[in-house]
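Down below is the structure, laid out as C-alpha cells.
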Amino acid sequence: MSVAENIEIKASSDALLRGPSNAKKPRNIAQLIRWIILFAGGLLMVMPIAYMLATSFKFPFEVYNLNLIPEEPTIENYTYVLGDGRFYHWFWNSLLIATLTTVSNVFFDSLVGYTLCKFRFRGRYIVFIAILSTLMIPTEMLVIPWYLMSQQFGWLDTHWGIMFPGLMTAFGVFLMKQFFETVPDDFIEAARIDGLNEFQIWWTVALPLVRPALAALAIFVFLGNWTAFIWPLIVTNSQEMYTLPVGLTTFSVEQQVEWELIMTGAAISTLPTLIVFLIFQRFIIQGVVMAGLKG
C-alpha cells in the first residue's frame, strides 16, 4: 500500500471520527437552550411564591422592600395570624367546603359521565351537548340567579349556600366521559354476565380504571373551591362564615393594607393545596404513562 493511500485512509477515518462529535454539538446547544428557557419559565412561576414567603417574615416597614431575604426576619406575623381565632374558622370553612365539594364532584360527575358514555338511550348526545353548553356561560352571569335562589331557600350565610353552585360541574362530566371512553365495553359486558348491577359495575369495574382522571378532577375542584373568592364574598354576611380568601381581606382596611399579614395567611393557606397535590400526583403521572404506552 502506497503512502498516498495510507494518508487518504487516515484522513477518511479522522473525518468519520469527527463527524458524530460535530453532529452532536448542535443537538447539545439546542438542548442547552431548551433547559435555559425552561429554567427561566420556572423561575418566573416561583418568584411570586418566593416573594409571598419572604414578605410573611417581614416587618411592616420592610414590606415594600423587594429583597427576597428579609433584613430582620420575624415570626410575629405567624404568631398574630395563628393567634387570631377567626383564622381557624376561615380555615375550617374553606377545608369543609372544598372537601365536600370535591367528594360530590368526584361522585356525581363520574356517575353522569359513565351514564352518558356506557348507556345507550335516546337523546343522550343532546343531554351531553346541553351540559357542555353551560361551559360557555360566564360565572358572573350566574351569580344573580344563585343569590336569588339562596335567598329564596334560606341558604344565605350558610355552608350549603357556598357549596351548592359547585357540587357538580360540566367540566367534570366532560372529563369523566372522555376517560370512560377508554374503558373496554367487554369489561362492562363481562361484569353484567357475572350478575353485577349497573351501580356495582360503575363502582368496582369502571372507576378503578379511571383513577388518573378522578385524581385530576379532585385536584382541580379542590383548588378551585379552596381559592374561590367572588361567590363566598357575596353569599356570606358574618365573619364566622367567611372562607379563607374572603377572611384575609379583613386585614385590608380603608386607611392601611397589612400586606405582611395577608401574605402570611396566604402562605399558610397553600399547605392544604400542596398536600392534595402530593397525594394525587402519582395517579396523574400514572395516567400519563399509561396513555403513552397505549399510544
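Some values worked out for this structure:
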item: Coil-residue GluC sites (Glu not before Pro) of segment 146-246, DSSP, other Cβ within 10 Å capped at 13; result: GLU181
item: Kyte-Doolittle at least 1.6, axis length at least 20 Å by Cα - qualifying DSSP helices, the chain; result: none
item: Neighbour cut-off at most 13 other Cβ (10 Å), DSSP loop, GluC sites (Glu not before Pro), segment 56-114; result: GLU71
item: Low-density loop cleavage sites - chymotrypsin sites (Phe, Trp or Tyr not before Pro) in segment 56-87, where at most 14 other Cβ are within 10 Å (DSSP); result: TYR64
item: Of LEU233, LEU111, LEU66, the one that fluctuates the most in a GNM where the chain has Cα springs shorter than 10 Å; result: LEU66
item: Farthest toward positive dipole pole in the chain [+1 Lys/Arg, -1 Asp/Glu at C-beta], among PHE251, TYR64, ALA40; result: ALA40
item: Net dipole in debye of the chain [+1 Lys, Arg Cβ; -1 Asp, Glu Cβ; about Cα centre; nearest 20]; result: 1220
item: Trypsin sites (Lys or Arg not before Pro), loop per DSSP, at most 12 other Cβ atoms within 10 Å - longest free stretch of the chain; result: 123-295
item: Shape call, the chain: gyration tensor on alpha carbons, a/c limit 1.5; result: oblate
item: Rounded Å value of the spacing that divides the Cα centres of segment 29-53 and segment 66-85; result: 27
item: Positive-pole candidate from TYR242, PHE108, THR158, dipole of the chain, charges at beta carbon; result: PHE108
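We did not get these values from a lab; they are worked out from the coordinates using the rules stated. Note that the structure is predicted; figures quoted are calculated from it, not measured. Quick reminder, even Gly has a Cβ in these numbers, built from the backbone with ideal geometry, and neighbours come from all protein chains shown.
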